[in-house]
Structures are given as C-alpha cells and as structure tokens.
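Q: Let me give you the structure first, and then I'll get to my questions.
The values are calculated or read from the model by the stated rules, or taken from the named source; none is laboratory data. In this text, all values refer to a predicted model and were calculated from it rather than measured experimentally. Using ideal geometry, Cβ is built from the backbone for each residue, glycine included, and neighbour counts are taken over all protein chains shown.
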Amino acid sequence: MSPSIRLVPPVGTEQAATAALRAEVRAFLAEQRAAGTFTPSVDAWLCGWDEKFTAALAARGWLGMTVPKHYGGQGLSFLDRFVVTEELLAAGAPVAAHWIADRQIVPSLLKYGTEPQKREFLPKIAAGECFFGIGMSEPDSGSDLASVRTRAVPVDGGWTLTGTKVWTSGAHLAHAFIVLARTAPVDPSHRHAGLSQFIVRFDGPGVQVRPIISMNGRHHFNEVVLDEVFVPEDMVFGRIGDGWQQVTSELSFERSGPERLLSTFVLLAETTEGMARKQISHDAELGRLVARIAGLHHMSTAVAGALERHEAADVPAAVVKVLGTTTEGDIADFADLHSGDDTGLPQTARDLVTTAVDQRPGFTLRGGTNEVLRGVIARGLGLR
C-alpha cells in the first residue's frame, strides 16, 4: 500500500468545539434562507456567484479560516474550515465568488508565496474582497498539464506570457489567476520539467477574457487569451521551474474537498423529502446513495486531517474525487428518474433536477478527469 494512503487515519468522533461550529453555521444558513438571501442550488460552489453572501461569510470569520491572524485570517485548522464548507455545500449556498481563492489559493500562497504576495492577497481574500481563478487547462490539452503551451519569456523586470487558458471559472468577475506556463523548452524525457507559475491580473494589458456559454445558457466558464502579458518579477509564484511540483500540491486541495461529493446533496435531500411525501418508505438505491455520501464524508474529512498535518494526500484526494464525483452524478440520475412521473413536484425541485442533469457531464471532468485520476491512484498504489 502507498505510504500516502497509510497517512490518512480513520475519522473519530467529532470534537465538541467542531460540533458547536457546525451548529453555528447551520443556524446562520437557516437565518439566511428565512430572509430569502439565497435559493439552494445544485453546483452552487461553481455557479453561485454572490459577492454579498461572500461578504456575510467574511464578516463571520468564515473566509480565510486557515490564514494566520497576522495576515488577516482566523488561524484555525483545515478541519474547522472543512466543517464550514461542508455545511455551506450541503445547503446549496452561493459560494462561487470566493471558492477558488479560499480553497486553493490561500494554502498555495502560504506555502509558496513571497512575503509581499502574502501581505497583498491573503487579507483581501479573508475579507471577501479578492477573487481568484485557476490558469491550468488549455485548448486541446485535456487533463495533460505537461502539454501546456503557454510560454513565459524573461524580459527586463519580469516575464511576458503568451498563450490561452480555458475553462477558467469566474474569470469575468475575478481579480487575478495563477497561470501555469512553460519557462524552458520541452524535454521529452522529463515532460513535467520547465514549468513555472505566475500571478496574472485579469484587468492587465494584453489579457482578454472570452465567455464560454454552457448549453443551458449559463456563463461561469471562460477562455483567457494572454498576448505578451507583462508579469513583474514580484508576481512570479514560487520558484521558476517548480511549477509541476507546486501544481501537484495545489490539486490535493482542489480534488479532496467536500465539493467533490456534495454538489448535488441539496437535490438528494429534496428527492428524499419528495419520496416521503409519496409515502415511499423503502428504496434500496436511495439507501446506497446515502451510505456512499456518509462514507465519502469520512474519507474527505480524513484527507483534510492529513493536509492539516502537512502530509502527502495526492492519492487519497484522487480517490475522493473519483468516488465523489461519480456519486454526485448518480444522485442526479436517481433524482431525474424519480421526478419524471411526479406531477406534484414543486418548481424549485424541478429546477434542481434540470440543473443537476445539465451539470452532470462536468462532474467527472473538472479537477482532472476520473480516467486520468485512476492512473494517478494506480501509480500511487504501485499497480502500474
């Protein structure tokens, strides 16, 4: 068994402080729902952009929870943050505005950022005033990040970046993104070498954000074209040439979180209530879905604990992502099947089903396709 698997222990009983935090978040969400602040939605962490809701979370201290206090955060643990994010996702709350910055950029800045970068961005992220995107994927590259063609060329005072990034969520609304670019020629024997990362502002010269409209007419994805964009030396992220190592570390945060299993949880809850109204008291498939969610909750919590201890979690994170996104899709199919002949289904529930079915194809693609991640898991376990 892989050493990284052995580092993830079973999850024990939730501590009193953690349970109290969970209850506090639930009470807040109940208040927000009662006030009509938001309508629960499927995939709200990707599509639910609401800067007022983000500001309300920041006021509660629920953004930048793992950021040290001297950078404007709360100095709390990954497990504390896990509890808050899990409850927000389960409620279908609109958290897309800050999601990438809080989930992925914060721990990356803490690990690889320079002191000026930390002082510039971390307080703004914790205050809900700075939103980030991710600049990894490119046209025709799929999940093969080693095939990145965006190039960074050294110039006086910094670098110029030229290339195209795609599927950049929220680029039309966010402030900056971290771009993976090639800073050295491709070495066929070491394809992952020669990659570096840069912080690029969306409003800078030479940056063009083009919308990608989904088939349902919604806009959250974008194509970002970089045309000789100047990036000053102080916006180099991490070390030149260490891009692949840095990205691999960042992907553990992207793949292991509760958003990889709870994107359709609000739909599962609504479907369960609908079945109760129809007095369907026993359904084996519903039981299996609930059991899968419960098991994934424990797995995802355990990975959060490993990240808290600064332990390798790339393989366990990949396992959570593969199993979690498959379960999310199965929930969408289950709800769609049971809603077909229910003439009394509320419109809000029908909207949830429609959105889930529309979003379903993307569940197993984003964050690395499940097919690619099965290879990551197999290599991690020494099976190939």
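Q: So R218 clears everything in (1) closer than 30 Å to H297 by Cβ; (2) of a type outside the set (G, A, S); (3) outside the structural domain of V315 (by TED's automatic domain parsing); (4) buried (at least 22 other Cβ atoms within 10 Å of the Cβ) except one condition, right? Which one?
A: Status for R218: all satisfied but (4).
Q: Tell me which residues, restricted to the stretch 191-242, are in contact (Cβ under 8 Å) with a residue 24 or more places away in the chain and of a type in the set (V, I, T). Before you say what the answer is, go through the steps one by one.
A: Filtering the stretch 191-242 down to residues in contact (Cβ under 8 Å) with a residue 24 or more places away in the chain leaves 191-206, 209, 211-212, 214-216, 218-242.
Once the filter is applied, which keeps residues that are in contact (Cβ under 8 Å) with a residue 24 or more places away in the chain and of a type in the set (V, I, T), the stretch 191-242 yields I199, V200, V209, I212, V224, V225, V229, V231, V236, I240.
Q: Next up: Given the residues G324, G274, G305, which is the only one that is crowded, with 17+ Cβ neighbours inside 10 Å and within 22 Å of P94 (Cα to Cα)? Outline the logic, then answer.
A: Details: G274 fails: within 22 Å of P94 (Cα to Cα); G305 fails: within 22 Å of P94 (Cα to Cα).
Going through G324, G274, G305 in turn, just one is crowded, with 17+ Cβ neighbours inside 10 Å and within 22 Å of P94 (Cα to Cα): G324.
Q: Show me the strands (runs of 3 or more DSSP E) entirely contained within the stretch 133-184 in which 2 or more residues are out of contact with any strand residue (DSSP E or B) (no Cβ under 8 Å at 6 or more places or on another chain) and farther than 15 Å from F221 by Cα.
A: Values: elements: 151-155, 158-166, 176-182.
It comes to none.
Q: Within the stretch 185-215, which residues are assigned to a loop (DSSP other than H, G, I, E, B) and among the hydroxyl-bearing types (S, T, Y)?
A: Going residue by residue through the stretch 185-215, those that are assigned to a loop (DSSP other than H, G, I, E, B) are 185-194, 202-206, 214-215.
Within the stretch 185-215, S189, S214 qualify.
Q: Just to be sure before I move on: is V166 more than 19 Å from I212 (Cβ to Cβ) and not acidic (D, E) in the structure I sent?
A: Working: more than 19 Å from I212 (Cβ to Cβ): no; not acidic (D, E): yes.
The answer is no for V166.
Q: Specify the residue that is nearest to T348 (Cα to Cα); the eligible residues are those in the stretch 245-264 that are in contact with a Gly (Cβ under 9 Å, 6 or more places away or on another chain) and surrounded by fewer than 24 Cβ atoms within 10 Å (Cβ to Cβ).
A: E254
Q: If you don't mind, another one. With the checklist (1) more than 28 Å from T39 (Cα to Cα); (2) outside the structural domain of V236 (by TED's automatic domain parsing) in hand, flag the one item E86 doesn't pass.
A: If we test E86 against (1) more than 28 Å from T39 (Cα to Cα); (2) outside the structural domain of V236 (by TED's automatic domain parsing), just (1) comes out false.
Q: Of the residues S141, S169, S147, only one is among the polar types (S, T, N, Q) and within 16 Å of the chain's Cα centre (by Cα); which? Outline the logic, then answer.
A: Working: S141 fails: within 16 Å of the chain's Cα centre (by Cα); S147 fails: within 16 Å of the chain's Cα centre (by Cα).
Just a single option satisfies the conditions, and that option is S169.
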